[in-house]
Amino acid sequence: MSLDDLYREVILAHYKRPHNHGELPGADIAIEGKNPACGDELKLQLKLSEGKVSEVRFSGHGCAISQSSASMMTDQLKGKTLDEAFQLAEDFKSMIRGERKAQMPGDLEALRGVTKFPVRVKCATLAWSTLQYAISEQRTSGRLATGYVER
Ligand code: ZN
């Protein structure tokens with residue numbers, strides 16, 4: 001099995017059986033993200049405790065890249081501060097843009113191949129941009145953003 005095949009398996013496994021999938025009642029952050037170019041939609045919910053992400057869930061629909069990227073992201077967020085989560089999103093997006101060569105944690109490395117398909121980049125970054133938007137809106141205005149659209 002080639003590395004590409006292995007990565008395809010990892011992506012499809014997250015798509016078919018997404019991790020941390022569902023609703024999170026009483027979430028501190030709840031935001032919907034959309035990527036109109038592909039029709040990807042997702043809802044991201046986080047609970048915070050002592051400044052760290054204590055629980056995270058997502059739901060949504062769309063292509064395998066968008067949904068598996070969200071599933072992989074939720075695997076990485078628990079226990080992180082919002083600053084750390086924001087930075088991980090930054091690292092992930094630079095990997096997808098082909099700028100970051102360093103190894104990414106968990107299954108995230110499986111999405112590196114998206115670099116070769118510019119049309120799918122927004123699918124891969126949707127969950128991460130949505131997360132970053134929620135965090136930066138809370139920082140700058142203190143209010144909770146409810147929606148983000150990838151353009
Ligand atoms: Zn997509």
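The values are calculated or read from the model by the stated rules, or taken from the named source; none is laboratory data. The structure presented is a predicted model; accordingly, all values stated were derived computationally and were not measured. Please note: Cβ atoms are built from the backbone with ideal geometry, for glycine as well, and neighbour counts cover all protein chains shown. Ligands, DNA and RNA are excluded from the accessible area calculation, which covers all protein heavy atoms including side chains. Shrake-Rupley method; radii C 1.70, N 1.55, O 1.52, S 1.80 Å.
Structure summary
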| read-out | value |
| --- | --- |
| Check on residue 13, small (Gly, Ala, Ser) and under 18 Å from residue 132 (Cα atoms) | no |
| Evaluation of residue 79 against (1) within 15 Å of the chain's Cα centre (by Cα); (2) of a type in the set (Gly, Ala, Ser); (3) on the phi > 0 side of the Ramachandran plot (one fails), failing number | (1) |
| Failed item, numbered, when residue 151 is tested on (1) at pLDDT below 95; (2) part of a strand (DSSP E or B) | (2) |
| Test for residue 87: is it surrounded by fewer than 19 Cβ atoms within 10 Å (Cβ to Cβ), modelled with pLDDT of 95 or more and part of a helix (DSSP H, G or I) | yes |
| Yes/no for residue 16 being free of Cβ contacts under 8 Å to residues at least 12 places away in the same chain, within 26 Å of residue 115 (Cα to Cα) and of a type in the set (Lys, Arg) | yes |
| Pairs where the first residue, in the stretch 111-127, is open to solvent by less than 80 Å² (accessible area, probe 1.4 Å) and the second is of a type in the set (Lys, Arg) and within 12 Å of the ligand (Cβ to nearest atom), C-beta under 9 Å, 6+ apart | 114/120; 126/34 |
| Residue in the stretch 133-151 that is within 12 Å of the ligand (Cβ to nearest atom), hydroxyl-bearing (Ser, Thr, Tyr) and in contact (Cβ under 8 Å) with a residue 40 or more places away in the chain present | no |
| Selection within the stretch 20-43 - in a loop (DSSP other than H, G, I, E, B) and open to solvent by 70 Å² or more (accessible area, probe 1.4 Å) | 23, 25, 36, 37 |
